[in-house]
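A.B. asks: Before we start, here is the structure in question, set down as structure tokens.
Read the figures in this text as sums done on the coordinates, not as results from a lab. Not measured: the values here are computed from a predicted model. Counting neighbours? That spans all protein chains shown, and the Cβs are built from the backbone with ideal geometry, glycine included.
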Amino acid sequence: MPAMQAAPTIRQAHPADFAAWAALRGQLWPESDAAAHLAELGELSRDARFRGWLALDSATPVGFAESFIRPFANGCDSRPVAFLEGIWVAPPYRRRRVGGQLLAAVEHWAGALGIDELGSDADIANALSLLCHGRWGFEEMERVVCFRKRLGPPG
């Protein structure tokens, strides 16, 4: 990783960024491999409701945020609503307001579309994400436990 600049720059992500972006996504969502992240970015990028942003130190991506316009989100009053699908910052860049800068880009995009609310979620066990959401001004609306019941033969 290059020496850190005073503050990474934030810009919208482009198809040329997919490989580096997919690598960052793998840090947030390690259950999927790089090929799966690349495929998903290719699919999502064709949808006008989706946007992604990168935090760059020089030309090196050190964080990302993704947002999608959803028809609704739990806890939100307005429809449609922008939803923060994911946000991740490399450890050396944390506590330097990079996450807040990425979030500001999402908020600007949503506001320009006339969206009144930004929804988000976090795994209940992800203490860092819960802390960051609170510091970014999100208000906790509910906690849920998700269930699944398989129908038919096991497999």
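A.B. asks: Cut-off is 10 Å between beta-carbons; in what order do 148, 51 appear when sorted fewest neighbours first?
C.D. replies: Ordered by Cβ neighbours within 10 Å, fewest first: 148, 51.
A.B. asks: What shape does the range 68-155 have by the C-alpha gyration tensor, where a ≥ b ≥ c are the square roots of the eigenvalues, rounded means a/c under 1.5, and otherwise prolate means a/b greater than b/c and oblate the rest?
C.D. replies: Oblate, since a/c reaches 1.5 and b/c is not below a/b.
A.B. asks: Sticking with this one: With +1 on each Lys and Arg Cβ and -1 on each Asp and Glu Cβ, how big is the dipole of the range 9-135 about its Cα centre, in debye rounded to the nearest 20?
C.D. replies: Computed about the Cα centre, the dipole is about 440 debye.
A.B. asks: Give, as a single signed number, the net charge of other residues whose beta carbon lies under 14 Å from the beta carbon of residue 59, with Lys and Arg counted +1 and Asp and Glu -1.
C.D. replies: Details: positive: 11; negative: 17, 57.
Surrounding charge for residue 59 is -1.
A.B. asks: Now a separate question. Return a whole-number percent for the relative contact order of the chain, with Cα pairs under 8 Å and 6 or more residues apart as the contact set.
C.D. replies: Averaging sequence separation for qualifying contacts and normalising by length gives 19 percent for the chain.
A.B. asks: If I model a spin label at residue 46 and residue 95 as a point 7 Å from the Cα along the Cα→Cβ vector, what separation in nanometres do I get?
C.D. replies: Inter-label distance under the simple model: 4.4 nm.
A.B. asks: Using the basic label-point model (7 angstrom from Cα toward the beta carbon), what is the residue 139 to residue 58 distance in nanometres?
C.D. replies: Reported label-point gap for residue 139 and residue 58 is 4.4 nm.
A.B. asks: Put +1 on the Cβ of each Lys and Arg and -1 on the Cβ of each Asp and Glu in the chain; which of 103, 132, 82 then has its Cα farthest toward the positive end of the dipole?
C.D. replies: Farthest towards the positive end: 132.
A.B. asks: Mind giving me the FRET efficiency for residue 126 and residue 14? R0 is 25 Å, r the Cβ-Cβ distance, nearest 0.05 is fine.
C.D. replies: E(calc), rounded to 0.05, equals 0.30.
A.B. asks: Between residue 72 and residue 147, what is the FRET efficiency for a Förster distance of 25 Å, r being their Cβ-Cβ separation, to the nearest 0.05?
C.D. replies: Calculated transfer efficiency: 0.75.
A.B. asks: Determine, at each q value in 0.09, 0.11, 0.14, 0.19 (inverse angstroms), the log₁₀ of I(q)/I(0) that the Debye formula gives when each Cα of the range 9-135 is one equal point scatterer.
C.D. replies: Taking Cα atoms of the range 9-135 as identical point scatterers yields -0.24, -0.36, -0.60, -1.14.
A.B. asks: Identify which of 106, 145, 62 has the largest mean-square fluctuation in a Gaussian network model of the chain, with springs joining Cα atoms closer than 10 Å.
C.D. replies: In the Gaussian network model the winner is 145.
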